[in-house]
Amino acid sequence: MGKKIIELKNIYKKYGDFTAIDGINLYINEGEFLTLLGPSGCGKTTTLRVIGGFEQPDGGDVLFDGVRINDVPAHKRMLNTVFQKYALFTHLTVGQNIAFGPTIKKINPEQIQKEVKNYLKIVNLEGYEDRDISTLSGGQQQRVAIARALINKPKVLLLDEPLGALDLKLRKDMQDELKTMHKDVGITFIYVTHDQEEALTLSDTIVVMNNGRIQQIGTPVDIYNEPNNAFVAYFIGESNIIHSTMVKDKLVSIDNVDFECVDTGFGQNAPVDVVVRPEDVVLVPADKAKLKGKVTLVTFKGVHYEIWVEGPSFEWKVHSTIPQMVGDELGVTVDPYNIHVMHQAPIEIKPVETAVEV
Amino acid sequence: MENNKTGINRFLTKISKPFVRFYNRFMDGSLGTKMSHFVMGSGNVYHGQIIKGLIYFIIQAGYALFMITCPEVNKTPLGYKAFINLITLGTQEGDIFTPADNSMLMLLFGVVTIGITLMYLFAYNSGIKSSYKADQDIKNYGKVTSFKQDAKEMLGNRFYITMLTPAALGAVVFTLLPTIFMILIAFTNYDKERQAGLKLFDWVGFDNFTAFFTNPTGEIAARFLPVLAWTLIWAFFATFLNYYGGILLALLINRKGLKGKKIFRAIFVLTIAIPQFVSLLAMRNLIGEYGPLQNFLVQTGILSEPMSFLANAPNVWTARITIILINLWVGIPYSMLLASGAIMNIPESLYEAAKIDGARKFTILRKITMPYIVFITTPYLISSFVGNITSFNIIYLLTSGNPKVTGGYIAGGTDLLVTWLYKLTIDEQQYNLGAVIGILTFLITSIVTLVTYRRSKSYKEEDAFQ
């Protein structure tokens, strides 16, 4: 591992006045499962289409195995795509759909039949060759689409929100299967989604995007535990994001109360954002904490209770297994290492060197 | 065959079911219901449904009166005599002093009386059913529904019956009876010499049909196959040239990057907006003997003297090809609109998926765009083929079926079955032959429609392409 298979260097893409991609630098390792994650319109699908060769970037280079491929048409790029709405040819059978690519390349029919059977097996659809597309469920259609892409033996598979149209249960099952397929086939997967949970479950590396820019690149654990900025913290999981003041190194004033923390290097009395995950907030009797608050709402969520506590200037969201009474006065504490301090301004992503090695 | 036997059995049980039900009602029913089989409405009166019973009784009395008194219209009776007349089609030969029996009215009234009888039988059955239902109501609820409740029901749960009855009656009177009348005429020798009231006409069995294939004098038979052949050739070219021409135009107009798509589309749609007969007559004058096109051709020396491309064309095929070409101009915009709709509906990702697998433009057209368009437009293709078989205006307005052909039996060189039918009945009063052509045309179009439609993918996979 560790070989860079695709590199994006300073990619820009505009549609009229709208900047879809605003200077992206990224590299993808061979065999990696990389996810582009972000809200609608963040540029993740455009990035995928630039890699796939469906869009020409307005600036920057796309490298494949170190060779510039900006001008190489889609079908010569050694990659293939699974589309959001499957894009299956409904007038052909399952087998004919999967055989579409090899047939065009004029491979001999017996060989194609063997390959089709093989890939049907990989996507768990053995014996479905002669079925009509319209008789398949959404999940099965998606598998056919994956088989049709894989049979062309791409080095990189692009998946554009492939599970978006499936219901929750099926989506979970397909996530597991996708992971298994990735392991079995051993090629690079580039996956686009807006579902943070899906991204955390599937990926080796997550690229969080917003407004055409990369916000953070990292492993799922890094992204969740050490969000780079308020946007990442907000988008991944649930958080309390509080405008605060860094009094000095290792001391931050949150909600007008000084908290110990582990962050350094922000200067003195600097405005910062503080992120605290709801499960990291500990409620104690009012006399045992400096920050006091009043319980305003308690909701049972199954695994835990969601408790809203009104502090002096901020309403805290707390996840706890112990219920509280609405109206009670409580103390709010957070362990120093659970306080994540970050700059208020959006963080510029530095060039490729800062990307996390996997 | 075991299977066959059960098939016949099932068929027999199915047709015997109404009779079994009829018998059961008679055996199970109360005294009133049994009475209803002889005097309509008596069952309802027996159960105290006086108004309903009266209505049924009036229907029966009215029908009996109609059948027995045989009211006459134009000296031709309806009622039971109409049945007899339907078989004989009149016995009184006319001479100078006495007019002949009117065979045409006799045939018509026979059909009408059959229609009235069928409606009566329907009412008769519903009268028994209503009495039987009253029996059941008494058994189950201890009381019958009042007339008010029944009337309310007709405006409530059974409102569809109230609404559909006039429509069904209209269909029977204005569509079904005339159709039966027309079909029956095909089995008579009703023609110019045997006009109504002048001379009797009579049943001739299948003579008219055989005349179309093996007439000893050969006149009709000699014309029928050529007209049929031209009709099919015309329908084939008019349909498929228009269809593929429309698709080609749609592909050109919907090309990515073409500017002014809407303007192009609007120009072609203009031909649809102009009434067809106006544009056809304008075209006829434009290329006619004294029209500007001829003028131009003569003045530039391409033609030495004006020559007709349509009704007076020297060669039948000149006229035929001209008609097909003019029809292209009238018909292509329709199929272009249709194909545009289909093309704009093809998801871009289908093209991208094909492209990434290495398909070139022509492969994409052949393997994706065309199957998709054909899938969506097959029903249109079928209906337009059938429409072209019976396309009256284009032929009639452009050439009136001409140029004349020797031994044409009224049919000219560009006459289709329908225009020939029109000439035979309206100009020549050969009603029997016209009726036969009507029936044959119906057979051809219905066979073509049923076979192709049931074999088409659009029919088999209604849900695909959603």
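Taking the criterion of being of a type in the set (D, E, K, R) and either facing chain B (nearest Cβ under 7 Å) or under 15 Å from B:Lys355 (Cβ atoms) (or both), the only residue of the range A:92-112 that qualifies is A:Lys105. Determine, yes or no, whether B:Thr378 is polar (S, T, N, Q), surrounded by 18 or more Cβ atoms within 10 Å (Cβ to Cβ) and within 14 Å of another protein chain (Cβ to nearest Cβ). Here the answer is no, as B:Thr378 does not meet what is asked.
The residue of the range B:105-137 that is surrounded by the most Cβ atoms within 10 Å (Cβ to Cβ), among those that are closer than 15 Å to B:Ala61 by Cα, among the aliphatic types (A, V, I, L, M) and in contact with a helix residue (DSSP H, G or I) (Cβ under 9 Å, 6 or more places away or on another chain), is B:Ile116. Restricting attention to the range A:71-91, the residues being out of contact with any helix residue (DSSP H, G or I) (no Cβ under 6 Å at 6 or more places or on another chain) and more than 7 Å from chain B (Cβ to nearest Cβ) number 8. For A:Ile146, the stated conditions hold: it is among the aliphatic types (A, V, I, L, M) and within 14 Å of chain B (Cβ to nearest Cβ).
Among the residues that make up the range B:392-405, is at least one of them buried (at least 20 other Cβ atoms within 10 Å of the Cβ), at pLDDT below 85, of a type in the set (Ser, Thr, Tyr) and touching a Lys or Arg at 6+ places or on another chain (Cβ under 9 Å)? No, the range B:392-405 contains no residue that is buried (at least 20 other Cβ atoms within 10 Å of the Cβ), at pLDDT below 85, of a type in the set (Ser, Thr, Tyr) and touching a Lys or Arg at 6+ places or on another chain (Cβ under 9 Å).
Can you say whether A:Thr299 is under 32 Å from the mean Cα position of the chain (by Cα), polar (S, T, N, Q) and over 30 Å from A:Asp195 (Cβ atoms), as far as the supplied structure shows?
Working: under 32 Å from the mean Cα position of the chain (by Cα): yes; polar (S, T, N, Q): yes; over 30 Å from A:Asp195 (Cβ atoms): no.
Against the criterion (under 32 Å from the mean Cα position of the chain (by Cα), polar (S, T, N, Q) and over 30 Å from A:Asp195 (Cβ atoms)), A:Thr299 does not qualify.
Would you check if there is a residue in the range A:47-59 being assigned to a strand (DSSP E or B) and either under 30 Å from B:Phe375 (Cα atoms) or among the basic types (Lys, Arg) (or both)? So far as the range A:47-59 goes, no, none of its residues is assigned to a strand (DSSP E or B) and either under 30 Å from B:Phe375 (Cα atoms) or among the basic types (Lys, Arg) (or both).
Somewhere in the range B:98-120, is a residue within 30 Å of B:Val73 (Cβ to Cβ), out of contact with any Gly (no Cβ under 6 Å at 6 or more places or on another chain) and not in a helix (DSSP H, G or I)?
First pass over the range B:98-120, keeping only residues within 30 Å of B:Val73 (Cβ to Cβ): B:98-120.
Next cut, out of contact with any Gly (no Cβ under 6 Å at 6 or more places or on another chain) only: B:98, B:104-105, B:107-120.
If we keep only those that are not in a helix (DSSP H, G or I) too, we end up with B:98.
Yes, the range B:98-120 contains at least one residue that is within 30 Å of B:Val73 (Cβ to Cβ), out of contact with any Gly (no Cβ under 6 Å at 6 or more places or on another chain) and not in a helix (DSSP H, G or I).
With respect to being buried (at least 20 other Cβ atoms within 10 Å of the Cβ) and over 26 Å from A:Ala74 (Cβ atoms), B:Ile332 fits the description. A:Ile214 passes all but one of (1) within 15 Å of the chain's Cα centre (by Cα); (2) under 30 Å from A:Val309 (Cα atoms); (3) not hydroxyl-bearing (Ser, Thr, Tyr); which number fails? Looking at each condition in turn, A:Ile214 falls short on (2). Screening the range B:1-91 for helices (runs of 4 or more DSSP H) wholly inside it with 2 or more residues that are surrounded by 17 or more Cβ atoms within 10 Å (Cβ to Cβ) and assigned by TED's automatic domain parsing to the domain that holds B:Glu153 returns the ranges B:31-36, B:42-46, B:50-69, B:80-88.
Out of all the residues in the range B:272-303, which are in contact (Cβ under 8 Å) with a residue 12 or more places away in the chain, among the small types (Gly, Ala, Ser) and assigned to a loop (DSSP other than H, G, I, E, B)? Talk me through it step by step, then tell me what you get.
If we filter the range B:272-303 for residues that are in contact (Cβ under 8 Å) with a residue 12 or more places away in the chain, which is where we start, we get B:272, B:276-277, B:279-281, B:283-284, B:287-290, B:294.
Pick out the ones that are also among the small types (Gly, Ala, Ser) and you get B:279, B:288.
Hit for the range B:272-303 is B:Gly288, nothing else.
Under the condition of being part of a helix (DSSP H, G or I) and at the interface with chain A (Cβ under 9 Å from one of its Cβ atoms), the residues counted in the range B:354-375 number 10. Restricting the search to the range A:12-59, which residues are of a type in the set (S, T, N, Q) and either outside the structural domain of A:Asp195 (by TED's automatic domain parsing) or within 14 Å of the chain's Cα centre (by Cα) (or both)? Listed by number, the residues that qualify are A:Thr35, A:Ser40, A:Thr45, A:Thr47.
Scanning the range A:113-136 for residues that are free of Cβ contacts under 8 Å to residues at least 24 places away in the same chain and within 14 Å of another protein chain (Cβ to nearest Cβ) yields a single hit, A:Thr135.
I'd like the full set of residues that are among the basic types (Lys, Arg) and either within 34 Å of the chain's Cα centre (by Cα) or assigned to a helix (DSSP H, G or I) (or both), limited to the range A:93-107. Selection gives nothing. The set of residues in the range B:122-140 being closer than 15 Å to B:Val45 by Cβ and of a type in the set (Gly, Ala, Ser) consists of B:Gly127, B:Ser130, B:Ser131, B:Ala134. Listed conditions (1) crowded, with 22+ Cβ neighbours inside 10 Å; (2) under 11 Å from the mean Cα position of the chain (by Cα) are all met by A:Leu200, apart from (1).
Looking at the structure I just gave you, is B:Pro292 surrounded by fewer than 18 Cβ atoms within 10 Å (Cβ to Cβ) and within 27 Å of B:Thr406 (Cα to Cα)?
On the way: surrounded by fewer than 18 Cβ atoms within 10 Å (Cβ to Cβ): yes; within 27 Å of B:Thr406 (Cα to Cα): no.
No, not satisfied.
Scanning the range A:144-160 turns up no residue that is among the acidic types (Asp, Glu) and in contact with an Asp or Glu (Cβ under 9 Å, 6 or more places away or on another chain). The listed residues are A:Asp184, A:Asp222, A:Asp195, A:Asp204, and the only one of them that is among the charged types (D, E, K, R) and within 25 Å of A:Pro336 (Cβ to Cβ) turns out to be A:Asp222.
The values are calculated or read from the model by the stated rules, or taken from the named source; none is laboratory data. Every value quoted in this text rests on a predicted model; they were computed, and no experiment measured them. We place every Cβ from the backbone using ideal geometry, glycine too, and count neighbours over all the protein chains shown.
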